[in-house]
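Data block below; observations after.
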Amino acid sequence: MQVVFGVGSEHPDVLFIGEAPGEQEDAQGEPFVGRAGQLLDRMLGALSWSRDNVYIMNVIKCRPPGNRDPHPEEVHACSHWFDAQWDLLKPRVVCLLGRVAAQRVLQTDATLASLRGRWHEYRGVPVWVTYHPAYLLRTPTGKAAVWQDLRRLAQRCEALKA
Ligand code: URA
């Protein structure tokens with residue numbers, strides 16, 4: 001097992017945050033390189049983004065055995081690294097991918113559906129929430145909603161740059 005820290009620009013327009021490395025991410029030492037990651041890359045590409053101008057990381061830096069949900073003490077153990085990454089990267093905008101990231105950052109038990117579609121804030125940065133790409137692999141009908149989410153994210157990003 002290895003630490004999977006993050007990948008992308010040191011000064012990203014958008015910081016994407018997922019849950020935890022899976023098997024392939026653990027093997028390669030890079031977040032989102034498996035099937036969900038390939039879908040994420042295609043979604044980024046549709047907005048003319050790539051791993052070069054965004055940053056991608058996870059709440060948890062090591063793979064939970066058997067891909068189970070991270071335990072609260074694991075989330076806590078990675079918190080220091082998580083906050084340090086956030087502060088160093090100084091993202092303009094953050095996009096949380098899925099329930100685990102959304103609940104960790106927004107410190108809530110609310111459902112993902114109730115957190116989507118409105119702006120939140122963490123450490124002074126605007127935060128947006130959308131479905132995890134792994135969910136889209138299981139539920140392709142969710143793609144239209146995510147596409148809408150990503151367009152709103154890109155609009156906010158452009159507005160902050162202007
Ligand atoms: N799912 C995640 O949340 N993160 C990864 O890095 C890969 C899959």
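The values are calculated or read from the model by the stated rules, or taken from the named source; none is laboratory data. Keep in mind that what you see is a predicted model, and the values were worked out from it rather than measured. No Cβ is skipped: glycine too gets one built from the backbone with ideal geometry, and neighbour counts run over all protein chains shown.
Among all residue pairs at least 6 apart or on different chains, which show Cβ distances below 8 Å where the first residue, located in region 26-47, is within 20 Å of Gln2 (Cβ to Cβ) and the second is part of a helix (DSSP H, G or I) and of a type in the set (S, T, N, Q)?
Listed by first residue and then by second, the contacts come to Val33/Gln24; Gly34/Gln24; Gly37/Gln24.
Here is a list: Arg116, Arg123. Which entry is touching a strand residue (DSSP E or B) at 6+ places or on another chain (Cβ under 7 Å) and of a type outside the set (S, T, N, Q)?
Values: Arg123 fails: touching a strand residue (DSSP E or B) at 6+ places or on another chain (Cβ under 7 Å).
Result of the check over Arg116, Arg123: Arg116.
With the requirement that a residue be of a type in the set (D, E, K, R), in contact with a helix residue (DSSP H, G or I) (Cβ under 7 Å, 6 or more places away or on another chain) and either within 17 Å of Phe32 (Cα to Cα) or exposed (fewer than 13 other Cβ atoms within 10 Å of the Cβ) (or both), what does region 106-142 give you? Talk me through it step by step, then tell me what you get.
Taking region 106-142 first, the residues of a type in the set (D, E, K, R) are 109, 116, 118, 121, 123, 138.
Still in the running and in contact with a helix residue (DSSP H, G or I) (Cβ under 7 Å, 6 or more places away or on another chain): 109, 116, 123.
Once the filter is applied, which keeps residues that are of a type in the set (D, E, K, R), in contact with a helix residue (DSSP H, G or I) (Cβ under 7 Å, 6 or more places away or on another chain) and either within 17 Å of Phe32 (Cα to Cα) or exposed (fewer than 13 other Cβ atoms within 10 Å of the Cβ) (or both), region 106-142 yields Asp109, Arg123.
Name, by its number, the condition in (1) touching a residue at least 12 places away in the same chain (Cβ under 8 Å); (2) surrounded by 13 or more Cβ atoms within 10 Å (Cβ to Cβ); (3) away from the ligand (no atom under 12 Å from the Cβ); (4) under 20 Å from Ala102 (Cα atoms) that does not hold for Val4.
Status for Val4: all satisfied but (3).
Among the numbered criteria (1) surrounded by fewer than 13 Cβ atoms within 10 Å (Cβ to Cβ); (2) assigned to a helix (DSSP H, G or I), which single criterion is violated by Trp86?
Here Trp86 clears every test but (1).
Mind checking which residues of region 7-29 are within 8 Å of the ligand (Cβ to nearest atom), of a type in the set (D, E, K, R) and part of a loop (DSSP other than H, G, I, E, B)? Explain how you work it out, then say what you get.
Let us first name the residues in region 7-29 that are within 8 Å of the ligand (Cβ to nearest atom), namely 18-22, 24-25.
Narrowing the set further to residues that are of a type in the set (D, E, K, R) leaves 19, 25.
Residue satisfying the conditions is Glu19 alone.
Please verify whether Ala84 is more than 16 Å from the ligand (Cβ to nearest atom), out of contact with any helix residue (DSSP H, G or I) (no Cβ under 9 Å at 6 or more places or on another chain), under 22 Å from Val7 (Cβ atoms) and of a type in the set (Gly, Ala, Ser), treating the condition exactly as stated.
Criteria met by Ala84.
All but one of (1) at pLDDT 95 or above; (2) more than 19 Å from Val125 (Cβ to Cβ); (3) within 12 Å of the ligand (Cβ to nearest atom) hold for Asn67, so report the exception by its number.
(1)
Right, Ala36: in contact with a helix residue (DSSP H, G or I) (Cβ under 7 Å, 6 or more places away or on another chain), over 18 Å from Arg152 (Cα atoms), part of a helix (DSSP H, G or I) and near the ligand (Cβ under 10 Å from one of its atoms) or not?
Spelling it out, Ala36 is indeed in contact with a helix residue (DSSP H, G or I) (Cβ under 7 Å, 6 or more places away or on another chain), over 18 Å from Arg152 (Cα atoms), part of a helix (DSSP H, G or I) and near the ligand (Cβ under 10 Å from one of its atoms).
For the subset of region 69-83 comprising residues that are outside any helix (DSSP H, G or I) and surrounded by fewer than 16 Cβ atoms within 10 Å (Cβ to Cβ), which member is farthest from the chain's Cα centre (by Cα)?
Ranking the candidates gives His71 first.
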